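Data block below; observations after.
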Amino acid sequence: MSVTAARGFTAAGIAAGIKQNGNRDLALVVNNGPRCAAAGVFTSNRVQAAPVQWSRQILADGAIRAVVLNSGGANACTGPQGFQDTYATAEKAAEQLGLEAADVAVCSTGLIGVPLPMDRILAGVESAVARLSASGGEDAAVAVMTTDTVHKTAAVTRGGWTVGGMAKGAGMLAPGLATMLVVLTTDAALDSAVLDRALREATRSTFDRVDSDGCMSTNDTVLLLASGACEVSPEYAEFAEAVHEVCADLARQLIGDAEGASKEIRIEVVGAASEDDAVEVGRSVARNNLLKCAIHGEDPNWGRVLSAIGTTSAEFEPDRLGVAINGVWVCKNGSVGEDRTLVDMTGREVGITVDLAAGAESAVIWANDLTAEYVHENSEYAS
């Protein structure tokens with residue numbers, strides 16, 4: 001259930017001393033081949049961390065042999081030195097693994113605007129190389145955690161080949177990806193064009209539809225590496241389905257571990273004139289802080305759902321809107337529906353269905369409630 005579930009991969013996760021608490025904070029994932037095809041998707045934030053710039057650049061040839069990931073520092077907004085530090089990290093890993101620097105992607109996560117302790121990073125890379133193993137996936141997943149309370153892994157096996165992966169993320173979860181680092185691996189024998197298509201399709205309907213707090217990171221990175229070690233080339237549809245399944249699993253784990261959350265909110269928009277309309281409405285509902293507070297208080301305040309819908313450019317008629325909360329249609333035709341006291345919100349998951357009554361398209365957005373714990377955690381994040 002990790003990045004080493006697929007054959008041809010080794011990984012390690014170690015404590016390099018980047019974090020003051022002494023926890024694991026540096027991970028390494030290595031593709032031992034025989035193939036080294038890769039694809040990636042990155043944040044759409046115009047302010048991008050040095051590791052994002054580097055990894056995007058080296059992916060131009062569709063090949064990656066290794067990924068170095070660190071928590072405890074984002075290496076974002078650190079100027080030219082930040083990019084030099086990213087390069088030095090890739091160069092060190094390449095030297096230890098017998099590769100070129102351009103074969104090594106780099107990912108960082110943590111506080112923005114703080115230079116990385118490069119002496120510890122470089123020594124940590126050496127230690128990680130020495131500890132690489134086919135069972136190191138779990139340690140690697142732990143090493144990339146920041147405010148995460150649990151590490152996140154997933155895997156799917158089909159017909160002799162596997163897709164596995166790990167993810168980190170608990171805050172700043174919003175489109176343009178979540179604030180997350182994700183490494184996916186497969187032992188299927190596929191080229192980079194196939195990987196890129198499958199990854200983009202999966203990301204669009206999984207990671208890109210997790211919206212915890214409406215904040216977009218500078219470091220979001222999702223990488224998919226293929227070793228070809230199983231010597232099987234699955235049909236595209238089957239492979240794409242497996243990649244989607246792993247991404248959906250990891251995305252759900254991200255929202256389940258969102259900072260301070262006590263509720264997971266599944267927002268399904270139906271009856272939309274277009275998928276874009278459905279996504280826009282779902283995002284607006286997901287980002288309505290009044291609604292998120294109401295859900296935390298287990299109050300089925302459907303009026304806040306309607307007010308969120310009304311801020312969008314989606315096609316709908318106000319007097320045809322419907323809203324259900326946990327299966328109770330509390331709003332029908334833009335007005336009072338079933339008795340709101342029938343809504344049971346005591347469980348961890350809350351389902352909101354919005355019917356725009358304007359077409360046949362739909363979309364699902366995952367969000368979470370807004371709690372005092374979220375405010376407390378983020379008010380002290382840099383302290």
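The values are calculated or read from the model by the stated rules, or taken from the named source; none is laboratory data. Predicted, not measured: the structure shown is a model, and the values here were computed from it. Cβ placement follows ideal geometry from the backbone for every residue including glycine, while neighbour counts extend to all protein chains displayed. The accessibility values were calculated without ligands, DNA or RNA, using every heavy atom of the protein model including side chains. Shrake-Rupley method; radii C 1.70, N 1.55, O 1.52, S 1.80 Å.
General remarks:
- Answer residue from region 106-137, given it is assigned to a helix (DSSP H, G or I) and open to solvent by less than 20 Å² (accessible area, probe 1.4 Å) and is nearest to LEU224 (Cα to Cα) among those: GLY137
- Residue match in region 327-341 (condition: within 23 Å of the chain's Cα centre (by Cα), assigned to a helix (DSSP H, G or I) and either surrounded by 20 or more Cβ atoms within 10 Å (Cβ to Cβ) or not hydrophobic (A, V, I, L, M, F, W, C) (or both)): no
- Entirely in region 258-314, the helices (runs of 4 or more DSSP H) that have 2 or more residues that are over 26 Å from the mean Cα position of the chain (by Cα): 302-309
- A residue that is open to solvent by less than 30 Å² (accessible area, probe 1.4 Å) and either assigned to a loop (DSSP other than H, G, I, E, B) or aromatic (Phe, Trp, Tyr) (or both) occurs nowhere in region 92-101.
- Pairs where the first residue, in region 317-331, is free of Cβ contacts under 8 Å to residues at least 60 places away in the same chain and closer than 14 Å to GLY303 by Cβ and the second is among the β-branched types (Val, Ile, Thr) and not in a strand (DSSP E or B), C-beta under 6 Å, 6+ apart: VAL323/VAL305; ILE325/VAL343
- The lone criterion from (1) open to solvent by 20 Å² or more (accessible area, probe 1.4 Å); (2) at pLDDT 95 or above; (3) in contact with a helix residue (DSSP H, G or I) (Cβ under 8 Å, 6 or more places away or on another chain) left unmet by LEU223 is number (1).
- Single residue of region 347-383 satisfying the filter (among the hydroxyl-bearing types (Ser, Thr, Tyr) and within 21 Å of the chain's Cα centre (by Cα)) that is most open to solvent (accessible area, probe 1.4 Å): TYR381
- Taking the criterion of being crowded, with 20+ Cβ neighbours inside 10 Å and touching an Asp or Glu at 6+ places or on another chain (Cβ under 8 Å), the residues of region 281-308 that qualify are GLY282, ARG283, ALA286, LYS292, ILE295, HIS296.
- Among the residues making up region 4-35, those that are within 16 Å of VAL106 (Cα to Cα) and in a loop (DSSP other than H, G, I, E, B) are ALA16, ILE18, ASP25.
- Qualifying residue in region 184-200 (condition: of a type in the set (Gly, Ala, Ser) and without any contact (Cβ under 8 Å) to a residue 12 or more places away in the chain): no
- Cβ-Cβ under 8 Å pairs, at least 6 apart or on other chains, region 283-302 side in contact (Cβ under 8 Å) with a residue 12 or more places away in the chain and of a type in the set (S, T, N, Q), far side surrounded by fewer than 24 Cβ atoms within 10 Å (Cβ to Cβ) and in a helix (DSSP H, G or I): SER284/ALA308; SER284/ILE309; ASN288/ARG304; ASN288/SER307; ASN288/ALA308
- Residue check for CYS230: surrounded by fewer than 23 Cβ atoms within 10 Å (Cβ to Cβ) and modelled with pLDDT of 95 or more: yes
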